[in-house]
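Reviewing the structure listed below.
The values are calculated or read from the model by the stated rules, or taken from the named source; none is laboratory data. On a predicted model such as this, the values are computed, not experimentally measured, just so you know. Cβ placement follows ideal geometry from the backbone for every residue including glycine, while neighbour counts extend to all protein chains displayed. Quick note on the areas: whole protein, heavy atoms, side chains included, nothing else; ligands and nucleic acids left out. Shrake-Rupley method; radii C 1.70, N 1.55, O 1.52, S 1.80 Å.
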Number of protein chains: 2
Amino acid sequence: MEFSELLRSEGQSMTLGKGEHVFRQGEGDKSFYYVRSGLLKAFYVSDDGKEFIKSFIVPGDFIGCMTSAYLGGTCAFGLLCLAPTQLDRIPFERLYWHSRADLELAHFFIDRLLQLAMKKERREYEFLCLSAEARYRALVESAPTLLEQVTQNDLARYLGLTPVGLSRIKRRIHGG
Amino acid sequence: MEFSELLRSEGQSMTLGKGEHVFRQGEGDKSFYYVRSGLLKAFYVSDDGKEFIKSFIVPGDFIGCMTSAYLGGTCAFGLLCLAPTQLDRIPFERLYWHSRADLELAHFFIDRLLQLAMKKERREYEFLCLSAEARYRALVESAPTLLEQVTQNDLARYLGLTPVGLSRIKRRIHGG
DNA sequence: ATGGAATTTTAACCTCGGTTAACGCCCCCC
DNA sequence: GGGGGGCGTTAACCGAGGTTAAAATTCCAT
């Protein structure tokens, strides 16, 4: 079975506006979401109210909270639309269950997970080995279109900085 | 087919001493390794010679460089034994190939990848949201046995600090 | 046991980015 | 058109951790 077929048969379409939550940190949400269009952010909020952006999610991406869906706990992060967004929702359990019985779907799942693991490995590399300034430079190189879609605030919190810090770095690089 | 069976039929056992490399950064190595016993570190070396430790690998872990094995490039990091180590080596291509035709193996692979993704997600969380001191505290909590097996130097480079910085943090926490 | 190397600690100085606060800008809504 | 709130920038001050160097300690290997 193809993944798109599974979405048709067991998925559910959703349309959300800018600013709407898909799920919140601390809730239980055992679904996975395929992004048809729009833009979202996945983010942590610390005890003292600070926000940290885990990732931006763009069309074609596949997202859900594994600690909730796979382990059965609560969501470690929240998911919010930064623009009007169309999603296909599917219970993780259905995807997991079908992949146990269907080689094509299992293979699709494996490829997706390999890509996810490589993406996270790269982010690990950037936090481990690069300075904040170097992380910003790398992002400008690798995802220039993203810079036009998200605010400076969100960009900073994705890079592990404050907006003030990012503004300073930009001045250092671009302006004299 | 069970994974252990695949290892028996297509894997190859290796015994390495402390200080030996499994593969080096920049090489091509398309194998994956199952760790029977021992301890290893996976690490990056920057252009100016600084070392950054990506992860420690312990018995039961499964490790290989995806960018080399899956994408066909060169290894983004190196892998070195910190203690005498026994490994089972298997070409990634064989594991991937069999998982396309064998549901049990595919399922094993999916579970491993989900666990890997969650592990990397947690490390991302720690770099994104925690200070160096908080990362050290979290490690003391979650992996106390590791602290006895690796040097302070390697621990620091795993936490994204210098040995000097880690020593200072320890004094701040433990000693007055 | 002993000499040498690696590891860990300490100290002095410095840099980067956090914090707070003020200011200007833009957008949007009333 | 006017007011308010989010966003981006700037400035002043501060603190965590980097860098360098030297001393103290531990670990081995001969």
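Summarising the label geometry, the points placed 7 Å from Cα in the beta-carbon direction at B:V45 and B:A138 lie 2.9 nm from one another. The mean number of Cβ atoms from other chains found within 10 Å of a Cβ in peptide A:105-111 is 5, as a whole number.
Taking the Cα centre of chain B as origin and charging only Cβ (+1 Lys, Arg; -1 Asp, Glu), how large is the dipole, in debye to the nearest 20?
Details: 23 positive and 22 negative charges, 143 e Å.
Here the size comes out at about 680 debye.
Taking packing as the residue-averaged number of other Cβ atoms within 10 angstrom, the listed peptides B:83-94, B:14-25 run from highest to lowest as B:83-94, B:14-25. What the Cα atoms of the protein assembly as shown give is an Rg and a Dmax of 21.2, 63 Å. Lysines near B:K170 by alpha-carbon distance under 24 Å, same-chain residues fewer than 8 away left out - which ones? Candidates past the 8-residue exclusion: B:K41, B:K50, B:K54.
To the nearest 500 deg cm²/dmol, what mean residue ellipticity at 222 nm is calculated for chain A from DSSP H runs of n ≥ 4 alone, each contributing -39,500 (n - 2.57), summed and divided by the residues? Before the final figure, lay out each step's value.
Details: 8 runs with 83 residues, N = 176.
Calculated mean residue ellipticity at 222 nm is -14000 deg cm²/dmol.
Grab the beta carbon distance between A:D111 and B:A83, set R0 = 35 Å, and tell me the FRET efficiency rounded to 0.05. With a Förster radius of 35 Å, E is 0.50.
Direction-averaged projected area, Cα convex hull, region B:1-49: 4.6 nm², rounded to one decimal.
Efficiency by 1/(1 + (r/R0)^6): what FRET value for A:V164 and A:Q25, r their Cβ-Cβ distance, R0 = 25 Å, to the nearest 0.05? Spell out each step's value before the answer.
Working: r = 25 Å, r/R0 = 0.98.
Using R0 = 25 Å, I get an efficiency of 0.50.
Would you mind giving the mean number of other chain beta-carbons within 10 Å of the Cβ of each residue in A:119-125, as a whole number?
Values: counts 2, 8, 11, 2, 6, 10, 5.
Counting other chains' Cβ atoms within 10 Å and averaging over A:119-125 gives 6.
The distance from the alpha carbon centre of region B:94-148 to that of region A:126-176 is 27 Å, rounded to a whole number. Shown for chain B: cysteine residues without a partner Cβ closer than 4.7 Å, namely B:C81, B:C129.
Please compute, for peptide A:58-68, the average count of beta-carbon atoms on other protein chains lying within 10 Å of each residue's beta-carbon. Please list the in-between numbers first.
Details: counts 0, 0, 0, 0, 0, 0, 0, 1, 5, 3, 0.
Mean inter-chain Cβ contacts per residue within 10 Å come to 1.
Modelled this way, with points 7 Å down the Cα-to-C-beta line, the labels at A:K18 and B:V58 are 4.8 nm from one another.
Only protein atoms count toward the accessible area here, which uses a 1.4 Å probe; on the protein assembly as shown, the carbon and sulfur part of that area reaches 50 percent.
Rounded to the nearest angstrom and listed largest first, the equivalent-ellipsoid semi-axes of region B:130-176 from its Cα gyration tensor are 14, 12, 11.
Taken as Cα centroids, region A:21-80 and region B:1-60 sit 32 Å apart, rounded to the nearest whole angstrom.
In the calculated pair distance distribution of region B:98-176, what percentage of Cα-Cα distances lie above 21 Å? Walk me through the intermediate numbers first.
Working: 1303 of 3081 pairs.
Cα-Cα pairs of region B:98-176 separated by over 21 Å account for 42 percent.
Counting alpha carbon pairs within less than 8 Å and at least 6 residues apart, what relative contact order, in whole percent, applies to region A:19-108? Value for region A:19-108: 39 percent. The tail of the calculated P(r) for chain A beyond 24 Å holds 42 percent of all Cα-Cα pairs. Rounded to the nearest 20, the size of the Cβ-charge dipole of region A:7-71 about its Cα centre is 240 debye, with Lys and Arg at +1 and Asp and Glu at -1. Applying 1/(1 + (r/R0)^6) with r as the Cβ-Cβ distance of A:R36 and A:L147 and R0 = 22 angstrom yields a FRET efficiency of 0.45.
How high is the relative contact order of region A:115-175, in percent, counting Cα pairs under 8 Å that sit 6 or more residues apart? Please report the intermediate quantities before stating the final value.
Numbers: 21 pairs, mean separation 14.2, N = 61.
The value is 23 percent.
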